[in-house]
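Just so it is clear, none of the values below were taken in a lab; they were calculated from the coordinates. Please read all numbers here as calculations on a predicted model, not as lab measurements. Glycine gets a Cβ as well: all are built from the backbone with ideal geometry, and neighbour counts include every protein chain shown.
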Amino acid sequence: MKTESVLEKMLISGNLAVTSECGPPRGAVPEKVRQKAELLRGYVDAVNVTDNQTAMVRMSSFAAAVILRQLGIHPILQMVTRDRNRLAMQSDIIGAYSHDINTMMCLSGDHPQFGDHPMAASVHDIDSIQFVQMVKKMRDEGKFQGGADIENAPKMFIGAAANPFADPFELRVARLAKKIAAGADFIQTQCIYNLDKFEKWMEGVRNRGLHEKCYILAGVTPIKTVGMARYMKNKVPGMDVPQAVVDRMAGVPKEKQAEEGIKICVETIERLKQVKGVAGFHIMAIEWEQKVAEIVKRAGLYPRPDIGI
Amino acid sequence: MITAERKPLEEIIEYIRPFQKILLVGCNECVTVCAAGGRKEVGILSSLLQMSFLKQGKNLQIREHTLERQCDPEYIEELTNLIDGVDAILSMACGCGVQEISRRFRDKPVFPAVNTKFMGASERQGVWAERCQGCGDCLLGITGGICPISRCSKQLMNGPCGGSTKGKCEINPDVDCAWQLIWDRLKALGLEDRYERIIPAKDWRPGRGAGPRKIIREDLAE
């Protein structure tokens, strides 16, 4: 064990881990964080708390993660390089660790152009791989990025993202290898709809033994409507939604589309369970957290294994 | 080169509205090449301003001159013969030129007529694109001759983000993904292995990190 992270414990136990996410609210409404978190309690091992996702200002991921921690839910602190330089990131990391937050995701973040502050300057002092290196150095060497010693170094279980569906595809395994070499302990992938492509990527991952150096959590997102399927297929860069998925959603009446989306999600998880090297699932039910419990149950991932946490 | 674009005419008009006699100064270097502030553009802007003020019943006097280089005090001296009786100076050079003029002529208001954009190259006739941010510690030797600092929207130093699509950047399909270009180039050179070497966090001090920069060449400095 590198850390006290519950997610790390679950992954080491060999059980399929389940994570989900909680997008903080756009305002000082802590009760909304609590409501979302309560929907997930008991159904997932840890909950990602997103950091100004889609480049829109939200309650800080650190603050929302503390609220989760106070509820006894294990947060995964997301942090993006877009909004903070290395000083701010490291101070937030030791701050978070001081609040018993021991698991985090190191990301570059959506470009401000996609959000509601397109006029903002991006920071990008370091990139996501250098970010992983920095958190590892803090943990394993007890040193700040600048080289000075840290008093009671934060022991973070380090996560990073991977998108097997972005281009150039042939580079995507190498990029994962680079993140692992930098120090990533676990990976959460982009939402998977194109299973064939994901399996091909995993084959490349296994050929290099990367699945034995890092835990890979497969990302899934239930689709609510055919409109959402089309939007993700056509408008979201780096998303790969096959036409067959859109057609399947379009093939059922509107009032049954949500159920069809859940079905697709559960079937996806079932198929991904067969893929060697998949260590768990990251269920991103965007503003649809109330469905996570159902997905977890129907996918045979409930009850969560008792590993004595 | 340093690229620039002329400011909107309305903005320039507002700057010089209070004045009667203007010295309009172009530059023969970068802004001439990118067709923003050379001799030709000085002539055009001069006519536009005179016409515009004439419509408002004002006879604006403009003295035109284009310097070899506005960022060099040696050439700025040429203006001393033209400055008498001038109320204000309008510069069509990059920000460096504007500042050199205002440093030399402390009692004259100086206004920029262009917006200085970036260090770039000509992609084709009439199109210029950013190529360098002057980070002060060039990475091109390890990135296949393509700069991720200036050409990746997220300034990623270790590979493409998850938004790279068909060779294009997620923020704009007209922008090439720098890491697609780097990868293609490394492959063409048989240097794919180089991709997996991690480029460590950058020291920004040679860039803007240590404040305004200066180069002092002891062998040349007087």
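Place a +1 charge on the Cβ of each Lys and Arg in the protein assembly as shown and a -1 charge on the Cβ of each Asp and Glu, then give the dipole magnitude about the Cα centre in debye, rounded to the nearest 20. All intermediate terms of the calculation are to be shown ahead of the outcome.
On the way: 72 positive and 66 negative charges, 186 e Å.
The dipole magnitude comes to about 900 debye.
Between the listed residues A:T50, A:Y231, A:F131, the Cα displaced farthest toward the positive end of the dipole of chain A, a dipole computed from Cβ unit charges relative to the Cα centre, is found at A:Y231.
Rounded to the nearest 5, what is the percent of antiparallel bridges among the DSSP beta bridges in the protein assembly as shown? Once the DSSP bridges in the protein assembly as shown are tallied, antiparallel ones form about 20 percent.
Taking A:S98, A:S128, A:S20 in turn, the Gaussian network model of chain A (Cα-Cα springs below 10 Å) assigns the largest fluctuation to A:S98. Take the Cα of B:K214, step 7 Å toward its Cβ, do the same at B:C138, and the gap between the two points is 2.5 nm.
Helix A:257-273 versus the longest principal axis of chain A: what angle, 0 to 90°, nearest 10, using Cα atoms? The helix A:257-273 is inclined about 60 degrees to chain A.
Scanning chain B for cysteines with no neighbouring cysteine C-beta under 4.7 angstrom from their C-beta gives B:C27, B:C30, B:C34, B:C94, B:C132, B:C135, B:C138, B:C147, B:C152, B:C161, B:C169, B:C177. In the structure displayed, which of A:K9/A:K179; A:K36/A:K297; A:K200/A:K256; A:K32/A:K224; A:K32/A:K256 lie more than 26 Å apart, Cα to Cα? Over 26 Å apart, Cα to Cα: A:K200/A:K256; A:K32/A:K256.
For the residues of A:170-179, the average number of beta carbons from a partner chain within 10 Å of their own beta carbon is 5. Relative to the longest principal axis of the Cα atoms of chain A, helix A:61-70 runs at roughly 90 degrees. Each Lys and Arg contributes +1 and each Asp and Glu -1, all at the Cβ; summed about the Cα centre of segment B:136-200, the dipole is approximately 40 debye. Extension gain for A:L87 to A:Q113 (0.36 nm times residue separation, less C-alpha to C-alpha distance): 6.9 nm.
Neighbours of B:R205 by Cβ distance under 14 Å: Lys/Arg scored +1, Asp/Glu scored -1, total +2. Each Lys and Arg Cβ is given +1 and each Asp and Glu Cβ -1; about its Cα centre, chain A then shows a dipole of about 380 debye. Dividing the convex hull volume of the alpha carbon atoms of segment B:136-200 by its residue count gives 86 Å³ per residue. The radius of gyration of the Cα set in segment B:79-162, together with its Dmax, comes out at 18.8, 60 angstrom.
For the pair B:E192 and B:K117 in one chain, pulling the backbone fully straight at 0.36 nm per residue adds 23.6 nm over the alpha carbon distance.
What translational D, rounded to a whole number of µm²/s, comes out for chain B from Stokes-Einstein when the hydrodynamic radius is the Kirkwood one over Cα pairs, at 20 °C and 1.002 mPa s? If you can, show how the numbers build up before the last one.
Numbers: Rh = 20.1 Å.
D = 107 µm²/s.
Between segment A:217-290 and segment B:123-156, what's the alpha-carbon centroid distance in Å? Measuring centre to centre over Cα atoms gives 37 Å.
Simple spin-label estimate for B:R103 and A:Q70 gives 5.6 nm between the two label positions (7 Å along the Cα-to-Cβ direction from each Cα).
Restricting the GluC sites (Glu not before Pro) of segment A:132-225 to loop positions (DSSP other than H, G, I, E, B) with no more than 14 neighbouring Cβ atoms within 10 Å leaves A:E151. When you restrict to C-alpha pairs under 8 Å that are six or more residues apart and normalise by the size of chain B, the relative contact order lands at 17 percent. Shown here is the pair-distance distribution of the protein assembly as shown: with all Cα-Cα distances grouped in 20 Å bins from zero up to the longest one, the shares run 19, 44, 25, 11, 0 percent. Could you work out Rg/(2.2 N^0.38 Å) for segment B:15-110, with Rg from alpha carbons only? Against the compact-globule rule of thumb, the ratio is 1.02.
Any idea what % of Cα-Cα pairs in segment A:31-175 are farther than 23 Å? Of the Cα pairs, 39 percent sit more than 23 Å apart.
When you restrict to C-alpha pairs under 8 Å that are six or more residues apart and normalise by the size of segment A:6-298, the relative contact order lands at 18 percent. On a 24 Å Cα-Cα criterion, which of the cross-link pairs A:K254/A:K291; B:K117/B:K214; A:K197/A:K273; A:K235/B:K7 come out too long? Going by Cα-Cα distance, A:K235/B:K7 fall outside the 24 Å limit. For the pair B:R185 and B:E11, the difference between a 0.36 nm per residue extended length and the Cα-Cα distance amounts to 58.3 nm. Taking Lys and Arg as +1 and Asp and Glu as -1, the other residues whose beta-carbon sits under 13 Å from that of A:A182 total +4.
Counting alpha carbon pairs within less than 8 Å and at least 6 residues apart, what relative contact order, in whole percent, applies to segment B:131-199?
Working: 75 pairs, mean separation 19.4, N = 69.
So the answer I get is 28 percent.
In a Gaussian network model over chain B where Cα atoms closer than 10 Å are linked, find which of B:G144, B:G126, B:G207 has the largest mean-square fluctuation. Its mean-square fluctuation being the largest, the pick is B:G126. The modelled label-to-label distance between A:K143 and A:R230, using points 7 Å beyond Cα along the C-beta direction, is 5.6 nm. For segment B:136-190, the residue among B:C152, B:N172, B:G162 whose Cα projects farthest onto the positive side of the dipole built from Cβ charges is B:G162. For chain A, the residue among A:Q188, A:C106, A:Q145 whose Cα projects farthest onto the positive side of the dipole built from Cβ charges is A:Q188. In a GNM of chain A with a 10 Å cut-off on Cα contacts, which of A:P75, A:P24, A:P253 has the highest mean-square fluctuation? Checking each option, the largest mean-square fluctuation is seen for A:P253.
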